[in-house]
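The values are calculated or read from the model by the stated rules, or taken from the named source; none is laboratory data. All values derive from a computational prediction rather than experimental measurement. Positions of Cβ are backbone-derived with ideal geometry, glycine not excepted, and every protein chain shown enters the neighbour counts. Areas reflect the complete protein model, heavy atoms only, side chains present, ligands, DNA and RNA absent. Shrake-Rupley method; radii C 1.70, N 1.55, O 1.52, S 1.80 Å.
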Amino acid sequence: MLVLVAPGQGAQTPGFLTPWLELPGASDRIAAWSEAIGLDLVHYGTKADADEIRDTAVAQPLLVAAGLLSAAALGDVAPGAVAGHSVGEFTAAAFAGVLDDTAVLRLVRTRGLAMAEAAAVTATGMSALLGGDPEVTVPHLEKLGLTAANVNGAGQIVAAGTLEQLAALDADKPEGVRRVVALKVAGAFHTHHMAPAVAKLEEAAAELSPADPAVTYVSNKDGRTVATGAEVLARLVGQVANPVRWDLCMETFQELGATALIEVCPGGTLTGIAKRALPGVATVALKTPDDLDAARTLIAQHAAV
């Protein structure tokens with residue numbers, strides 16, 4: 001059983017979209033999406049520097065566009081389940097047919113702008129903690145006023161809060177944590193700091209007519225499968241201020257009988273976690289078009305007929 005997953009913010013790097021635009025039809029598709037959302041995705045995916053694509057309002061639609069483009073390059077895929085980490089969950093909603101590509105990108109553009117505005121209110125950020133026991137780490141973060149915004153499994157938790165709180169974490173790591181790494185994001189996502197963005201997303205979502213998922217959709221709110229388009233959309237809105245439980249998603253993948261996992265562009269983060277947390281599950285990360293053949297081989301071996 002094949003799972004198709006999409007990464008979240010922080011996975012982007014300067015120029016990562018360049019090789020994908022060489023594929024037939026890719027430039028036309030990106031140009032149409034750029035016009036639809038009022039953002040030059042080609043520029044940001046090929047020429048912009050790290051600071052430019054760190055901007056939340058840019059990074060989020062850029063990541064979703066890259067995920068959709070790379071998935072389309074695979075051809076017909078019949079995954080047993082789809083899921084996404086943070087903004088990648090919007091990409092997964094398109095994979096599942098809940099919303100079409102353009103509707104997803106427009107909603108993500110609204111999300112990115114609203115979250116950037118919310119992040120500007122207070123200087124906040126996120127840091128990944130490598131190693132440690134969640135039962136020890138989470139209470140320690142709470143003691144410092146931080147939120148365990150991403151519980152990723154495989155010994156990784158992402159803390160979010162004010163820059164002062166994150167500085168305190170650097171000086172006072174939880175027992176067992178080997179390293180604290182600041183992430184390339186512009187705010188404390190998936191925390192109460194993002195509450196203003198939820199209201200703006202609710203307004204935008206009210207104009208949409210989601211379809212029920214055509215494949216099993218695993219929500220990063222709690223790792224549960226979601227059967228209706230209305231519930232998927234509600235969760236997409238709420239997850240802006242809710243922690244991401246990727247650890248529970250992976251537990252669900254196991255329960256569903258996953259044997260393979262493909263992470264769309266810019267892949268690497270989620271496959272890295274899967275290699276540690278899902279032993280025996282074959283993985284491919286789509287970083288460049290050179291990875292497509294390996295992914296197609298995996299699809300032929302593991303996807304539904």
| query | Which residue, chosen from Thr259, Ala66, Leu233, occupies the Cα position most advanced towards the positive end of the dipole of the chain, where the dipole is computed from +1 (Lys, Arg) and -1 (Asp, Glu) charges on Cβ about the Cα centre? | reply | Thr259
| Cα Rg, Dmax, segment 137-262, angstrom units | 16.6, 48
| query | What is the magnitude of the charge dipole of the chain about its Cα centre, with +1 placed on the Cβ of each Lys and Arg, -1 on the Cβ of each Asp and Glu, and no other charges, expressed in debye to the nearest 20? | reply | 360 debye
| query | Between Gln165, Leu113, Val177, whose Cα lies farthest towards the positive end of the dipole of the chain when Lys and Arg beta carbons carry +1 and Asp and Glu beta carbons carry -1, centred on the Cα centre? | reply | Val177
| Cα convex hull of the chain, projected area averaged across orientations, nm² | 14.2 nm²
| remark: GNM on the chain, Cα springs under 10 Å; top mean-square fluctuation among Lys200, Lys47, Lys143 goes to Lys143
| task | Grab the chain and count how many Lys pairs have their alpha-carbon atoms under 28 Å apart, sequence gap of 8 or more, or different chains. | result | 16
| To one decimal place, what orientation-averaged projected area in nm² is obtained for the convex hull of the Cα set of segment 224-305? | 6.5 nm²
| message | What whole-number distance in Å separates the alpha-carbon centres of segment 126-153 and segment 74-88? | response | 27 Å
| task | With a cut-off of 19 Å, note down the residues of segment 180-194 whose backbone N falls inside the zone around a label point 7 Å from the Cα of Asp49 toward its beta carbon. | result | 184-186
| In whole percent, how big is the carbon plus sulfur part of the accessible area of segment 1-109, probe 1.4 Å, protein atoms only? | 47 percent
| request: Run the dipole for segment 1-107 about the Cα centre, Lys and Arg Cβ at +1, Asp and Glu Cβ at -1, nothing else charged, and hand back the magnitude in debye, nearest 20. | output: 160 debye
| request: State the Cα centre-to-centre distance between segment 188-205 and segment 261-286 in whole Å. | output: 29 Å
| Of the accessible area of segment 206-254, with the probe set at 1.4 angstrom, what percent is carbon plus sulfur? | 45 percent
| said: For the chain, what does the accessible surface come to per residue with a 1.4 Å probe? Please give it in Å². | reply: 40 Å²
| query | Which order, highest average first, do 220-233, 202-215 follow once you tally other Cβ atoms within 10 Å for each residue and take the mean per peptide? | reply | 220-233, 202-215
| Once fully extended, how much extra length lies between Ala154 and Ala211, figured as 0.36 nm per residue of separation less the alpha-carbon to alpha-carbon distance? | 17.2 nm
| message | Taking all protein chains in place and a 1.4 Å probe, what share, in percent, of the accessible surface of segment 122-184 do carbon and sulfur account for? | response | 53 percent
